[in-house]
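Student: Here you go, one structure.
The values are calculated or read from the model by the stated rules, or taken from the named source; none is laboratory data. Note that the structure is predicted; figures quoted are calculated from it, not measured. For neighbour counting, all protein chains shown are included, and Cβ atoms are generated from backbone atoms with ideal geometry for every residue, glycine included. To get the accessible areas, we keep the full protein, side chains included, count just its heavy atoms, and leave off ligands, DNA and RNA. Shrake-Rupley method; radii C 1.70, N 1.55, O 1.52, S 1.80 Å.
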Amino acid sequence: MGYELFGLPMIYYVSMVAKVLVVFVFVLLTVAYATYAERKIIGHMQVRLGPMRTGWHGLLQPIADGLKLFFKEEIVPSQSDKFAFLIAPIISLVPAFIGYAVIPFGETIEVAGYKIPLQIAGYYDTASGQVVDMNVGVLYILALASMGVYGIVLAGWSSNSKYSLLGGLRASAQMISYELAAGLAIISVFMLSESLSLQKIVADQANGAWYCFKQPLAFILFFICSLAEINRTPFDLPEAETELVSGYCTEYSSMKYAMFFMAEYANMVTVCAVTTTLFLGGWHGPAFLPGWVWFIAKVYFLIFVCMWIRATYPRYRYDQLMRLGWKVFLPLTLVNIIVTGIVVSLQS
């Protein structure tokens, strides 16, 4: 461990690989059992039992679903663009996972005399005594969020199906409408923290109140707009089985369909992790539990809220969706920025 590579100790690279593996496995397991949890939670809310037959209380249902999809026949439409059709699920899935690189999920730990921050794209600088991370982490996440929709649009176009194409077009229009409002909603957080570094934003909330209390409107708007951006109910217009069969993934089957399914749930976990980091104090909490436990607890609570919303609200009409984004959320975010700017300038 005494060797160095590019000026950094080898334990830095070993810890980097370990953090990547831990986060990847955690997200995969969360995605798998989020499907089970959603079916059970919504079932109980609707006075049903949900999955019960596969394992004790249906606990093996995600494994059974994965095996079923793995062994189903792969179907590629004869008139589709084969290359685009095959690569679209990968384009949707990859950005959903690599967004976790900049999210801090715990305090700094010490291994073999080296301090290791619980953040993939971060390291401990012994000279300054601080964690160094990507200083534009929020922009990185916003950029990746806008990349995932390319896979959906490509899937809709390459399928050579009218239903799929309509689903892809809906997804692109919805992403533009709500990502604009989501990006403007968190500008107020930047104004308070004076940084785009997620480590700095979390540290500022540890020293004062969480930003969900300082910026309640921004918190609510960002969370709702993020749900719309990842096509969660009641904003699941790109799939809309009552109108478009299954939307952009109508022609997909087997593991290609499963990859779109995984991307949706991985994006939901990412949204909840980013919301936790920006507004709920990140991994900070009472000292009787480790920071990473608090982080997971907050993320899982927000995931439960997403499922609760799905069980409660019906799907919007498309004109209502667009009106809500452009005529309600966008003006509210602009008003919030102006009010925050006035308050910050008066305080300074």
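Student: Among the residues of region 250-262, is there at least one that is in contact (Cβ under 8 Å) with a residue 12 or more places away in the chain, outside any helix (DSSP H, G or I) and open to solvent by less than 30 Å² (accessible area, probe 1.4 Å)?
Tutor: yes
Student: So, one more: Go over the candidates LEU302, LEU289, LEU330, LEU321 one by one and state the one that is more than 30 Å from ILE75 (Cα to Cα) and not in a helix (DSSP H, G or I). Quick ask: steps written out before the conclusion?
Tutor: Details: LEU302 fails: not in a helix (DSSP H, G or I); LEU330 fails: not in a helix (DSSP H, G or I); LEU321 fails: not in a helix (DSSP H, G or I).
Criteria check complete, one pass: LEU289.
Yes/no matrix, rows are residues, columns are (1) crowded, with 24+ Cβ neighbours inside 10 Å; (2) at pLDDT 85 or above; (3) more than 28 Å from TYR13 (Cα to Cα):
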site	(1), (2), (3)
ILE116	no, no, no
VAL132	no, no, no
LEU139	no, yes, no
SER161	no, no, yes
ARG170	yes, yes, yes
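Student: Out of (1) at pLDDT below 90; (2) open to solvent by 10 Å² or more (accessible area, probe 1.4 Å); (3) under 19 Å from ALA96 (Cβ atoms), the odd one out for PHE223 is which?
Tutor: The number of the failed condition is (1).
Student: Could you say whether any residue in region 20-40 is among the acidic types (Asp, Glu) and either more than 30 Å from SER158 (Cβ to Cβ) or not in a helix (DSSP H, G or I) (or both)?
Tutor: Start the filter on region 20-40 by keeping residues that are among the acidic types (Asp, Glu), which leaves 38.
Going one step further and asking which of them are either more than 30 Å from SER158 (Cβ to Cβ) or not in a helix (DSSP H, G or I) (or both), we end up with none.
No, region 20-40 contains no residue that is among the acidic types (Asp, Glu) and either more than 30 Å from SER158 (Cβ to Cβ) or not in a helix (DSSP H, G or I) (or both).
Student: State all residues of region 118-130 that are surrounded by 14 or more Cβ atoms within 10 Å (Cβ to Cβ) and of a type in the set (A, V, I, L, M, F, W, C); if no residue qualifies, say none.
Tutor: From region 118-130, those surrounded by 14 or more Cβ atoms within 10 Å (Cβ to Cβ) are 118-124, 130; that's our starting set.
The answer is LEU118, ILE120, ALA121.
Student: Closer than 23 Å to TYR36 by Cβ, open to solvent by less than 30 Å² (accessible area, probe 1.4 Å), in contact (Cβ under 8 Å) with a residue 40 or more places away in the chain and among the basic types (Lys, Arg): does that describe LYS298? Before you say what the answer is, go through the steps one by one.
Tutor: Working: closer than 23 Å to TYR36 by Cβ: yes; open to solvent by less than 30 Å² (accessible area, probe 1.4 Å): yes; in contact (Cβ under 8 Å) with a residue 40 or more places away in the chain: no; among the basic types (Lys, Arg): yes.
No: the conditions fail for LYS298.
Student: Starting from region 207-218, take each residue that is farther than 18 Å from TRP283 by Cβ and open to solvent by less than 40 Å² (accessible area, probe 1.4 Å) and list its partners that are at pLDDT 90 or above and part of a helix (DSSP H, G or I), counting only C-beta distances under 7 angstrom and pairs at least six apart or across chains.
Tutor: GLN215/SER188; GLN215/VAL189; ALA218/ALA185; ALA218/SER188; ALA218/VAL189; ALA218/ASN336
Student: Separate question: Need at least 2 residues that are of a type in the set (Ser, Thr, Tyr) per element, so show me which strands (runs of 3 or more DSSP E) inside region 60-167 make the cut, counting only ones lying wholly within it. Spell out how you get there, then give the answer.
Tutor: Working: elements: 106-111, 114-118, 122-125, 130-133.
In region 60-167, the matching strands (runs of 3 or more DSSP E) lie at 122-125.
Student: Tally up the residues in region 189-199 that are assigned to a helix (DSSP H, G or I) and in contact (Cβ under 8 Å) with a residue 40 or more places away in the chain, please. I'd like the intermediate steps shown before the answer.
Tutor: Filtering region 189-199 down to residues assigned to a helix (DSSP H, G or I) leaves 189-193, 198-199.
In the following step, the residues that additionally are in contact (Cβ under 8 Å) with a residue 40 or more places away in the chain were identified as 189-192, 198-199.
The qualifying residues number 6.
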